[in-house]
Amino acid sequence: MFGKILWGVFLILLLGQPAWSVEVAADKATDTEEVPTAPGILPPTIYSESPFEQSSTAVRLGDILGGKTGYIHPFLSVSGFYTDNLFSRESNREGDFITLITPGIWAVLPASRYPLISMNTLNTAPGGLELSRFREKATTRIQGYAKYQANIMLHDKFDSEDQVNQRAEGFFQYNFRGGLSVDVLDIYELDHDAYGTGTSRTLDKFKSNLVSSTVSYEFTPKTRIEGEYGFYSLSYDASRNAFREREDNSFAGRFFYRFLPKTSALLEYDFVDVDYDKDIISDSQEHRVYAGVEWIATIKSRLLAKVGYGLKDFDAAGSQEVDNLIAEIQLRHRFTPKSYAELRASRNSNETDIAGTSYILSQKVQLRYYQRILPKLLASANVFYKRNSYHGEGTSGDRRDDYYSAGVDMKYSFTNWMSLSGGYAFIKRDSNSIDFDYDRNNVYLSLIFAL
């Protein structure tokens, strides 16, 4: 009932607005503008799903960008969603309308319209991150960033599923004279798994914390090395998920050699020690070796591609080590002043979410295309495919899940601080295990205020 009243107020507010001023679009930046580590060239359309992000529900709120240049940026989103399969079931489908209220604030130093970082955690990824982070040479001695966001979810039909998810993140970087740079990152989340994760059909809440620090040194204008340490912890509220609770310690070393003005060769070694709290899933040590290339033409066009060999060594007696081809691609490119595309793909071994299995071989690819139709109207289309192949003993040891999704979004910016976003997405899971197939249709409408 509260959600319906809130949406009535929202519609009255929307219909009663005066004439709108011209938007100061986020994609107006030129190649010469000083926009440190800007995560994109167009403001996102908010809700398109991604297999590379922690997808707690079908209504996850993405980064809110496009405010004025400044140090402090508050934001608020009021959204309504309808899904025809809330619990991701093949039969006995239950639809629901959800109101999502998202207040938040972020601050940045030096003043900017853009956050310094844009990262998403994934609680099945060893070390907590599914994709690598682009790193660029800083333009100032000190850079800092902090953000807090709450997602208040109110269900119209299943009010027992109401919840408040929260995320706080901070980043600080100091760049010394002579090419030495040090940064620290912290991401803390109170969230929950998507319905249908593993074998679960219930609300599984968790806490996670990722802390990492990177030291980078530029020997010459063409050569750079990096060393990184990360700590990731995961815990669940319900004891039924105690088998997934763990702590990861990760170490990485990278060497870059710039052989063209905007292109560098990359060699990388990663080590992740996965330590479970309970002796249900085996602890393991993961070794990864990559070779690749990094191309950063402008803030608008960049590529990171690497391929390598991964070895996972289990501690449990009688368990055999496994090795896999691993790879990652991140590409974003602006074709014209009004069009932009992103391609992401990866092949990695991830931690399992089903007791009795050892790990998941996960293969993902996503393509997202943005088109500015009018100066104030942005549209996007999003498709992705994901295959999770479970390995281990028991009835789920040979389970394979194929995910397919397609969606469209539109965003209309009334001013440089208020916009309206809406969209549709179709998601389907095809599993070789009985009763784990499902499909879902989602629609949303969101009013966003951001300074």
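So what are the chain's ellipsoid semi-axes, whole angstrom, largest first, if each one is the square root of 5 times an eigenvalue of the alpha-carbon gyration tensor?
33, 31, 19
Roughly what % of Cα-Cα distances in the stretch 126-187 sit above 14 Å, to the whole percent?
Summing the P(r) of the stretch 126-187 above 14 Å gives 71 percent of all pairs.
Using square roots of five times the C-alpha gyration tensor eigenvalues, list the equivalent-ellipsoid semi-axes of the stretch 153-265 in whole Å, biggest first.
Each semi-axis is the square root of five times an eigenvalue, giving 40, 15, 14 Å.
How many angstrom lie between the C-alpha centres of the stretch 375-421 and the stretch 198-271?
23 Å
Does a label point 7 Å from the Cα of ARG93, set along Cα-to-beta-carbon, have any residues of the stretch 413-440 with amide nitrogen under 18 Å, and which are they?
Inside the label zone: 424-431, 435-440.
For SER339 and ILE280, what is the calculated FRET efficiency with R₀ set at 41 Å and r taken between the beta-carbons, to the nearest 0.05?
Efficiency at R0 = 41 Å is approximately 0.25.
Stick to the Cα atoms of the stretch 202-244, pair each with every other, and give me the Kirkwood hydrodynamic radius in Å at one decimal.
13.4 Å
Please work out, to two decimal places, the log10 of the ratio I(q)/I(0) at q = 0.09 Å⁻¹ from a Debye calculation in which every Cα of the stretch 271-429 carries one identical scatterer.
So the normalised log intensities work out to -0.45.
Filter the trypsin sites (Lys or Arg not before Pro) in the stretch 388-451 to those in DSSP coil with at most 16 other Cβ atoms within 10 Å of their Cβ, and list the result.
none
FYI, it's all coordinate maths here, none of it is from the lab. Just so it is clear, the structure is predicted and the values come from calculations on it, not from any experiment. All Cβ positions, even for glycine, are placed from backbone atoms using ideal geometry, and neighbour counts span all protein chains on display.
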